[in-house]
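Notes follow the structure.
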Amino acid sequence: MQKRYFIHTFGCQMNEHDSARMGESLLRAGWVAAEAPERADLVLLNTCAIREKAEDKLYSALGRYRMLKAQRGARIGVAGCVAQQEKEGLLERAPYVDFLLGPDQIARIADLAEEGGVETGWVPSEEYVFPRADPESARGKATAFVTAMKGCDNVCSFCVVPHTRGREVSRPYAEIAREVASLVEVGVREITLIGQNVNSYAGGCSFAQLIRRVAAVPGVRRIRFTTSHPMDLSPELVDCFRDVPQLMPHFHLPVQHGADTVLERMRRRYTIAEYEERVARLFAACPGVALTSDIICGFPGETEEEHALTLALLRRVPYDNLFSFVFSERPHTAAALRLSKERAARERSPQWLEIPRAVATRRLEEVQRLQQARTVARHRSRAGGEVEVLVESARTPPGLAGERFGRSRENWTVHFAGACAVGDLVRVRVERAGLVALVGAEFEVIDATAHRAPPAPRTRLAVVSA
Ligand code: SAH
Ligand code: SF4
Ligand code: F3S
């Protein structure tokens, strides 16, 4: 009987992408996918360390999977950022884990699944080979992530990513273009270029040039990218929003805070004036762009005045949506180091005082309340109008109208009734709009997909790639 694996993924797009590649490696090695962890011989957790909560989720999931191991002898593996951060410490806390592998080692998954062990070393940048996506996994899908670069060379004082993902390495552009072409061939129409700091890309051309090269691959209808650092928002990249028609009008540009003093403690390398100047250029090139951002509340030493500057920034910049978080102290980061020094010192410097949880949460709620009202208003302004949607999923329960899901050009999620296929570009009339999604009905197919065939059964993957 073939052995079955189940992958539980936490965290960002990089992890989702890595999980897909690890699944493909396991299929090549003769494993098959299990529909549920209860039926798996191997449960692999691909983990995130960005905030304490993310790590807590790992340990509570591990507690559940431990039962499966006791009941049916399933092997348990931990991959991703917590494995890289904790290394053997994780095995001390959860000794029933059979193996660990860091983000640079995902190609080794099949060996580790058999042999166990710990593989968390870094591959030297010049030797690193980006795992190639198997296009067969994307058959039947409208969208795909494509890795442009990995790692991060910034030193934001709150952030664990440089520690868990290592130095920046960019993937050669020709390799990216080849992968994009292979995905388009199986029906993918939207490509999201991913990397922790994607716009610092340097794989033989600039990031702006990479976007133009991807746009030149025949059949690419939509391009997105994530995530960007404001310092790397070049005028050249702004120009792409003006003159690359496939580049979608959505930009996720994390600002983190509204006060220069806090940005300095965060080591973000820009001032609010510089940030707003870049944003103004972006809006000038692409007036309809949906700008989204990340905010951290309760960074050490954050005063009420500094917090008020964040609220003021949010009133000035017309963000489409925000992801906001309470500061979480992460191991190995400069902020954590500084906090531990301050704790040890008798005289605490007010600039690095810890913010009580209740205060940080109240500030977070203020940020969220302010933004939510605006996000709903922006969504509602589309009610009665229309949006262009790329269909990502299609369900037609017997006897009922088809339930369709997709994203607008701005990256808004849209649920609608219709008969279109996954991969179709359609126009949807918006009937209702809330905080997280628009609801409407399809009224026109703009550009039907040429790939209407049903998705290939999963087991075919192993045969095709063998
Ligand atoms: N590379 C991206 C960030 C990826 S992490 C960038 O530079 O924008 C995603 C978001 O998590 C960050 O933008 C930040 O807002 C948040 N984050 C990161 N570390 C955090 C921490 N220690 N506490 C709270 N939020 C954090
Ligand atoms: Fe973290 Fe800063 Fe790098 Fe983003 S740019 S991944 S926040 S260190
Ligand atoms: Fe989390 Fe690692 Fe991504 S810490 S956000 S999974 S890079």
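Here are the numbers for the structure shown:
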quantity: Members of segment 117-165 found to be of a type in the set (G, A, S), touching a residue at least 40 places away in the same chain (Cβ under 8 Å) and either farther than 30 Å from G406 by Cβ or not in a helix (DSSP H, G or I) (or both), listed by number; calculated: S125, A133, G140, A142, A144, A148, G151, S157
quantity: Identity of the residue in segment 34-47, of a type outside the set (D, E, K, R) and away from ligand 3 (no atom under 16 Å from the Cβ), that ends up surrounded by the fewest Cβ atoms within 10 Å (Cβ to Cβ); calculated: A36
quantity: Residue in segment 267-285 that is within 29 Å of H163 (Cα to Cα), touching a Ser or Thr at 6+ places or on another chain (Cβ under 7 Å) and either at pLDDT below 95 or not small (G, A, S) (or both) present; calculated: yes
quantity: Cβ pairs under 9 Å, 6+ apart, first in segment 180-206 and in contact (Cβ under 8 Å) with a residue 12 or more places away in the chain and of a type in the set (S, T, Y), second assigned to a strand (DSSP E or B) and more than 16 Å from ligand 2 (Cβ to nearest atom); calculated: T192/T143; T192/A144; T192/F145; T192/V146; T192/R222; T192/I223; T192/R224
quantity: Count of residues meeting criterion [of a type in the set (D, E, K, R) and touching a Leu at 6+ places or on another chain (Cβ under 6 Å)] in segment 63-77; calculated: 1
quantity: Among the residues listed as A70, A107, A74, the single one being more than 18 Å from the chain's Cα centre (by Cα), within 22 Å of V180 (Cα to Cα), at pLDDT below 95 and not assigned by TED's automatic domain parsing to the domain that holds M231; calculated: A107
quantity: Whichever residue in segment 207-229 is among the polar types (S, T, N, Q) and within 15 Å of ligand 1 (Cβ to nearest atom) and, among such residues, is nearest to V391 (Cα to Cα); calculated: T226
quantity: Residue list for segment 11-33, filter: assigned to a loop (DSSP other than H, G, I, E, B) and either near ligand 3 (Cβ under 10 Å from one of its atoms) or buried (at least 19 other Cβ atoms within 10 Å of the Cβ) (or both); calculated: G11, C12, W31
quantity: Candidate set from segment 166-200 (those that are part of a helix (DSSP H, G or I) and within 15 Å of ligand 2 (Cβ to nearest atom)); member that is farthest from V426 (Cα to Cα); calculated: S200
quantity: Among the residues listed as F130, F145, the single one being within 16 Å of ligand 1 (Cβ to nearest atom) and in contact with a Ser or Thr (Cβ under 8 Å, 6 or more places away or on another chain); calculated: F145
quantity: Qualifying positions in segment 169-202 - out of contact with any Lys or Arg (no Cβ under 7 Å at 6 or more places or on another chain) and within 13 Å of ligand 3 (Cβ to nearest atom); calculated: I194, N197, V198
quantity: Some residue of segment 347-358 being touching a helix residue (DSSP H, G or I) at 6+ places or on another chain (Cβ under 7 Å) and either within 30 Å of D320 (Cα to Cα) or not assigned by TED's automatic domain parsing to the domain that holds A308 (or both); calculated: no
quantity: Some residue of segment 133-144 being closer than 18 Å to H8 by Cβ and either more than 16 Å from ligand 2 (Cβ to nearest atom) or among the hydroxyl-bearing types (S, T, Y) (or both); calculated: yes
quantity: Residue match in segment 263-272 (condition: surrounded by 21 or more Cβ atoms within 10 Å (Cβ to Cβ), of a type in the set (S, T, Y) and closer than 19 Å to S228 by Cβ); calculated: no
quantity: Count of residues meeting criterion [in a strand (DSSP E or B) and closer than 25 Å to F251 by Cβ] in segment 394-415; calculated: 7
quantity: Residue within segment 343-355 that is among the hydroxyl-bearing types (S, T, Y) and either touching a strand residue (DSSP E or B) at 6+ places or on another chain (Cβ under 6 Å) or within 25 Å of V82 (Cα to Cα) (or both) present; calculated: no
quantity: One residue from E52, E35, E16 being within 16 Å of ligand 1 (Cβ to nearest atom) and either over 22 Å from the mean Cα position of the chain (by Cα) or farther than 23 Å from H332 by Cβ (or both); calculated: E16
quantity: Residue satisfying all of: in segment 242-259; surrounded by fewer than 21 Cβ atoms within 10 Å (Cβ to Cβ) and more than 22 Å from C152 (Cα to Cα); nearest to ligand 1 (Cβ to nearest atom) among these; calculated: P249
quantity: Any hit, segment 187-200, residues being over 19 Å from the mean Cα position of the chain (by Cα) and surrounded by fewer than 21 Cβ atoms within 10 Å (Cβ to Cβ); calculated: no
quantity: Of the criteria (1) in a helix (DSSP H, G or I); (2) surrounded by 13 or more Cβ atoms within 10 Å (Cβ to Cβ), which one A373 fails; calculated: (2)
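Results for (1) part of a helix (DSSP H, G or I); (2) within 15 Å of Y5 (Cα to Cα); (3) in contact (Cβ under 8 Å) with a residue 40 or more places away in the chain, shown as yes or no for each residue.
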residue	(1), (2), (3)
E35	no, yes, no
L45	no, yes, no
A54	yes, no, yes
K57	yes, no, yes
A61	yes, no, yes
R64	yes, no, no
A79	no, yes, yes
L100	no, no, no
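The values are calculated or read from the model by the stated rules, or taken from the named source; none is laboratory data. What you see is a predicted model, and the numbers here were worked out from it, not measured in a lab. As a convention, Cβ positions derive from the backbone with ideal geometry for all residues, glycine included, and neighbour counts pool all protein chains shown.
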